[in-house]
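The values are calculated or read from the model by the stated rules, or taken from the named source; none is laboratory data. Keep in mind it's a predicted model, so treat the numbers as computed, not measured. Neighbour counts are summed over all protein chains in view; Cβ atoms, including those assigned to glycine, are modelled from backbone coordinates with ideal geometry. With ligands, DNA and RNA removed, areas are computed over all heavy atoms of the protein, side chains included. Shrake-Rupley method; radii C 1.70, N 1.55, O 1.52, S 1.80 Å.
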Amino acid sequence: MHIEEHLEHTEPPKDMKKQIWKTFWILFALTVVDIAVYFQLMEYHSGYKNALFIILGVVKAYFIVGIFMHMKFEKKWLPYLIIVPMIFVMYLITLMVIEGNYTSFLR
Amino acid sequence: MSETTTLTNVKTGTWGGGKSPFSISYGKLMMWIFLLSDAFTFSSLLVAYGFIRHSYASNLVTPWPSPDHVFNHFPFLHGVHLPLMFVSLMTFILIFSSVTMVLAVEAGHRMAKKEVGMYMFLTILGGIGFLSCQAWEWTQFITGTHEGRMLADGSIFHGANLQMNQYGPTPFGDLFFIVTGFHGFHVLSGVVINIIIYLNVLGGTYEKRGHYEMVEKVGLYWHFVDLVWVFVFTFYYLI
Amino acid sequence: MKILNRIQKTSFIFATLIVLSLGSFAQTADEGAKLFSANCTSCHSINEKIVGPPLKNVHKKYDEAWIIKWVKNSQEFIKSGDAKAVKVYEENNKIPMTSFATFTDLQVKSIIAYVKAESEKAPVASAASASSNVATDSETETTDLSDCINWLMVVSFLLLIIVIGLMISILEKLGDIKGKPSINWIRINGFLLLAFLILGMAAVVWEFYYHTKLTVNAQTPASAHGVIYDSMFNITLVLTGIMFVVTQVLLFWYGYRYKHSDTRKALYYPDNHKLEFIWTIIPAVVLTVLVVRGLQTWSAITDRNQNDKAQVIEVFGYQFDWKMRYAGADNKLGAHDFRKMGVWNELGVDPNDSASKDDIVTSELHLKVGQPVVLKFRAKDVIHSAYLPHFRVQMNVVPGLPTQFIFTPTVTTNQMREIMKNPTFDYVLLCNKICGSAHYRMNRKVIVESAEDYYKWLSTQPKLVAENTATAESDSKALATK
Amino acid sequence: MSNQNLNQDNHGHSDDHGHHKETFISKYVFSMDHKMIAKQFLITGIIMGTLGMAMSMIFRLQLAFPDMKFPFFEGIMGHWGKDGKLDPNFYLALITIHGTIMVFYVLTAGLSGTFSNLLIPLQVGARDMASPFLNMLSYWFFFLSSCVLVSSLFVDGGPASAGWTIYPPLSALPKAIPGSGTGMTLWLVAIILFIASALLGGVNYITTVLNMRTLGMKMTRLPLTIWAFLVTAVLGLLSFPVLLGAGLLLIFDRSFGTSFYLADIPADMAGGIERVGGSPILFQHLFWFLGHPEVYIILLPALGITSEVIATNSRKPIFGYRAMIGSILAIAVLSFIVWGHHMFITGMNPFLGSVFVLGTLIIAVPSAVKTFNYIATLWKGNLQLTPAMLFAIGLVSFFISGGLTGLFLGNAALDINLHDTYFVVAHFHIVMGSAAIFGMMSGIYHWFPKMFGRMMNKSLGYAHFWLTFISAYCVFFPMHFMGLAGVPRRYYANTAYDQFSTFVDMNVFITIAALIGGAAQLLFLFNFFYSIRKGKKATQNPWNSNTLEWTAPVKHLHGNWPGDIPHVYRWPYDYSKPGSEVDFIPQNIPEEGQTDPLQEMASQHNH
């Protein structure tokens, strides 16, 4: 009985097509950076390298969610709704990595 | 029915009721919320991966293998050491199919039926391409290399199965199969849904309905699959 | 009861005398008793069905060779298609019996001899049986439920309820007719709430008075950290006790005091920020105390570096029993590997490791009083939990994850017996994580004694590797020929 | 399947679901009306609850009279109760299935499934759920899941018996216990179906509350029930997927020879494949990442219902409405970061233990705020002691008693001696068992007229309350002392160790109390099913309540309100407002000077 309200969004930019291609090239570049770093520092294992990969991953995620999934143009509540719960995931992952290391120490 | 139509134009507070506080339809909101919960499913698998991998941190007998010694093959280039090249190719395919998807959505906003159809078709091609690459990758992983691994009783084990693998500890193979498998399953279902929507587009269902929101919804799902791959790529292959 | 016990004991002695007159047979039965209590009691008893069937007269039902085959590897035996074996398996809900491949034929025979001796004197003497495990089989005969219920009383009680129900419903119908309720339920329930508060609080006091003395917290802690544990417990008990009384009294008192009346109007009182602030802060302060004290206690107890000189003992859990491994003179446990678990080597100790040469495997946990000890836990199959309530010690025993607990026992078994005025008291090691059907019987005696007694006991225990070198060698030979 | 036929279009785009012809099947079986789905959830939940309770009676008898024979055991359990003696393996199966049924099927689906479905559209002023089709699907997944779980009772080897927490390796090694065979597989299948149901429901509840509120229903005008259901749905949505992941890995370990949760298991125990490299603790972490929010998934709806019932029947606004919302949110957030307090002595990193202690004990603050607010609501009220109100007061009492013992268990140091003893059993049966059941009962008595258009019998309700309340305390309070004496839970009998024999009397007492409590539920069942057909006809607003559902007609309409949906002008707790003749002002009555919704929205906007 309720109608499927087709609600207007915060207007996406007029040059959406251009922006999509721009995003594509950014993602492409970031992946290339990933691989380049990987090859350059192949024998070099450190937390910094891993941190860099994770940061690059998060940046890529930002572009995919923001532009491709249109999040950047939605009202601000939606991003909160989706992103705030991810804190729990990060908490879980951090704790589990600590716990994994501890397991390694016990064995 | 009537009150919503008459009042949506009235300036009311965002959370005042009578309309969506996010200005999106319930269908898209549902898709977002579903994706959020699906993200937690993937997270649980990645958590398992993080836990087990780190529980090998000080294990010198069977250390966790370095990905460049495992994923270093490329089709038709036998014997060439090309670590991660193939996975990067897969990543590009997936990102590209994401681009065509978002172009389809954009064309949908303009009600350009033909363009939507074309881009949907490209997206489906991209999805199938990715799945084929993954199939090759799995085959490579399962058959293994010529060297294999010497077992305690002197025999040599090639490749991988769920109980054992030549590359490193058992959970390495198990996690590879479950993480990429679960992602592949998502891609597969995405392709199937995309095909259905594509047929609907060609049939003019959305033209009749007056909007291409359905394309947006599957678009969200498709981008999510891409998003997950970004993290699988980072955690399983790079780190 | 005492007289009964005495009769039992004399009859036991009498039985033993008869058995003794049979010469060498007695010795085997004696060894059988030991083996039985060390290996069988978690699943079997003579008269009762536990996990496995009662063993009474088992020697009459099956011949010796059959039993030996069964005990050594029942699964294989069933697979071979032996009709009797399959029948036994199916009769017992297809629960496989642990295989005792380590037993020699002679050992099985000695157990049979023991069972035979026990069967003959059972059931009267069952209580006095030599089950040296902490487990005491219950003495009472099983009874039928129907014997215990006075059906007449049940029926009359039910009738009473029905009569009351009918009366109430008639009263209510009358009320409907009059248009005015004839039972003032709100009044009744208000009083009931008050009555519940008073009686309930009285019951709580009674409960504390009568049952606190049964709890381990009321007993002297038997370990060094038990003292701080108990003080932490008491602080929490006092704080929560105050909260409990205050809130419950208010809740039920208001329930009674403000029950509905037509003359009064409720107070419109939606908010009071000061009040809300106060009752956010008070719990927060109380909790800060609990958290800080709690974390101090926790880190004191779990500190892995607290004692480098602690004696190392391994506690090994499997379905459904415990084994302890003492490190011997070098205070170093030999290496272990689950792949080496096998015939004589349940714990998977590496016989080639030099540290394992003097390791001793026992079925009881003996501790020196005042000697810090680190218990290292290992499991064979599923998760168990080593629980020593009197020492305030508990740690899960996880396959594939070595865990440990460091503590210092401070009260010997004998001292504790005096404190508790219970000459049969024993410390106990319980399994506290669900692990299967005989989970509830998976316990072992713990004895805390003086260093002197401890070494005396230890010297009687055989060394694992030395005892079994012959077997070990033949094992490795067998492997090599494979 | 016939539900396919009923649904003309895919993916929740059922725009005019109100119009197709109603046959018996579309009205009562594959109904898409949220009120009917609520009834379906409730009745399935009650049936499962009866089953779960019956199981508890059986093992209570065993615990109290370990030496006695009960010939009827053989009648109901066949070879598991041979000669009237309960088999130890089946004892474990019973506690496992009892726990599973009570936690998931009764207190998750039966409680939040029922009342979310019934109340969300009615109280926020929507025609139906956002997607009625998915809503129907949610029920049928739940139904299917119940069927699978019940069918697992009849398989060879018995149902799952590794405890409701199904820790591997016990659950991962089919050979470890008889119940780890087919029974365990079916358990996992049932739970995965259940998760599907919970997710479909949760997506729907959240979307409906956020997107479908009627005009004027601001978030700060939502009844506390809706807040509780919303937060519950969020909790379920974020935590159930983790159990799904955990269950998936467990299925692989069981059936395909992987080693996610298995380490150092010899080949002969694990189906011929040596398992190395995993960690049993990993499963526990993943399980409790669901398991702890699950506690609040159970409790929050009960607390929400209590808030509504207490306010209505005290004829007073709920005290500290905003603080109540705040504490619901705080509890929800904290519930995600404290799961490890179930695992203090698993061999987990003691440092993480400290982190979890901190989070756990902080939860006590919002819980205390809630308690005090309830008590303050009673203060100077005019209490209508209806059965629903009594159950609500009972809930608060249990919430206090059970919550306070949580302070012992949440403290890692104290947990050393209390972990897995009867103290734990007492704690969670009081705080999430009894309290949540009381919330559910309170809700049933309160909204029965809304659901079935008839009233439940009051005097039977009072008898039911007092018998249940007293017997629940008699059952669970003494258990604390057993726990303090070191009696472990999940023991088939306490006879294997001298010291516990002192508790034989107490066990008998507890069992008798449990039997009385069980019998009291028969009163409820009779009252419930009798009143559906024969109860007194309900009036439109029997409790003089303010919330929107009582403005809908007694006879159910597909679409809830015959004309326009009422607009909302005030919060739901205007009871006994000074200056008003009557002691309640429903939400759809405008404030003075606010006659037009447009006007009121405009004035809001100017603020």
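Using per-residue counts of other Cβ atoms within 10 Å, averaged over each peptide, order C:284-291, B:73-80 from highest down.
Peptide ranking by packing, descending: C:284-291, B:73-80.
I'd like the Karplus ³J(HN,Hα) series for segment D:28-45: coefficients 6.51, -1.76, 1.60, θ = phi - 60°, whole numbers in Hz, and an x wherever there's a Gly or Pro.
10, 9, 9, 7, 10, 7, 4, 6, 5, 4, 4, 5, 4, 4, 5, 5, 4, x
What is the mean number of Cβ atoms from other protein chains located within 10 Å of the Cβ atom of each residue in peptide B:158-166, rounded to a whole number?
3
Say a site is exposed when it is one of the GluC sites (Glu not before Pro), sits in a DSSP loop, and has at most 15 other Cβ atoms within 10 Å; what is then the longest site-free stretch of chain D?
Maximal segment without exposed cleavage sites: D:23-580.
Give the peptides D:222-232, C:209-219, C:248-258 in descending order of average Cβ contacts within 10 Å, highest first.
D:222-232, C:248-258, C:209-219
What is the Cα convex hull volume of segment C:160-231 when expressed per residue in Å³?
About 136 Å³ per residue, rounded to a whole number.
Take the Cα radius of gyration of the protein assembly as shown and divide it by 2.2 N^0.38 Å, with N its residue count; two decimals is plenty.
Taking N as the residue count of the protein assembly as shown, the ratio is 0.97.
For a quick check of understanding: with a 1.4 angstrom probe and all protein chains in place, what accessible area in square angstrom does D:MET455 have, to the nearest ten?
Accessible area of D:MET455: about 40 Å².
Quick one: which of B:LYS19/D:LYS218; A:LYS18/B:LYS208; C:LYS259/D:LYS534; C:LYS178/D:LYS555 span more than 22 angstrom between C-alpha atoms?
From the list (B:LYS19/D:LYS218; A:LYS18/B:LYS208; C:LYS259/D:LYS534; C:LYS178/D:LYS555), the Cα-Cα distance tops 22 Å for A:LYS18/B:LYS208; C:LYS259/D:LYS534; C:LYS178/D:LYS555.
So in the protein assembly as shown, what percent of DSSP beta bridges are antiparallel if you round to the nearest 5?
70 percent
Tally Lys and Arg at +1 and Asp and Glu at -1 over the other residues with C-beta under 13 Å from the C-beta of D:LEU122: what net charge comes out?
My count for the surroundings of D:LEU122 gives 0.
Give the average, rounded to an integer, of partner chain Cβ atoms located within 10 angstrom of each Cβ in A:38-46.
Mean partner shielding for this stretch: 2.
Provide the per-residue ³J(HN,Hα) series for segment D:94-107, in order, calculated from phi with Karplus coefficients 6.51, -1.76, 1.60 and θ = phi - 60°, each as a whole number of Hz, with x at glycine and proline positions.
5, 5, 5, 6, 4, x, 4, 4, 5, 5, 8, 7, 8, 8
Can you pull the accessible area of C:PHE233 for me, 1.4 Å probe, Å² to the nearest 10?
10 Å²
Could you order B:HIS223, D:HIS429, D:HIS79 by accessible surface area, starting with the largest, using a probe radius of 1.4 Å?
D:HIS79, D:HIS429, B:HIS223
Principal axis extents for segment C:311-481, Cα atoms only, whole Å, descending order, please.
That works out to 60, 37, 24 Å along the principal axes.
Using a 1.4 angstrom probe and counting only protein chains, how large is the accessible area of C:TRP206 in Å², to 10?
About 130 Å², ignoring ligands and nucleic acids.
Counting only other chains, what is the mean number of Cβ atoms within 10 angstrom of the Cβ of each residue in peptide D:202-211?
6
Roughly what % of Cα-Cα distances in chain D sit above 30 Å, to the whole percent?
Percentage above 30 Å: 54.
First select every other residue whose beta carbon is under 13 angstrom from the beta carbon of C:THR236; then total the charges, Lys and Arg +1, Asp and Glu -1.
The answer is -1.
What residues qualify as long-range amide H neighbours of C:ILE447, i.e. H under 5 Å apart, gap of 5 or more or another chain, H built at 1.01 Å from N?
Answer set, sorted by chain and number: C:LEU365, C:HIS366, C:LEU367.
Cα atoms only: what Rg and Dmax, in Å, come out for segment C:211-362?
Both quantities, over Cα of segment C:211-362: 27.8, 91 Å.
Could you tell me the ratio Rg/Rh of segment B:34-190? Both radii from Cα atoms, Rh via Kirkwood.
Radius of gyration over Kirkwood radius for segment B:34-190 works out to 1.07.
Would you mind classifying segment D:361-437 by shape? Square roots of the alpha carbon gyration tensor eigenvalues, ordered a ≥ b ≥ c; an a/c under 1.5 is rounded, otherwise it is prolate if a/b is larger than b/c and oblate if not.
Oblate, since a/c reaches 1.5 and b/c is not below a/b.
Highest first, please rank the peptides B:50-60, B:151-161 by the mean number of other Cβ atoms sitting within 10 Å of their residues.
Answer by packing, highest mean first, reads B:50-60, B:151-161.
Tally Lys/Arg at +1 and Asp/Glu at -1 over every other residue whose Cβ is under 13 Å from the Cβ of B:MET101; what's the total?
Result for the local shell: -3.
Mind pulling up the Rg/Rh value for segment D:325-390? Radius of gyration and Kirkwood radius, both on Cα.
When Rh is taken as the Kirkwood radius, the ratio is 1.20.
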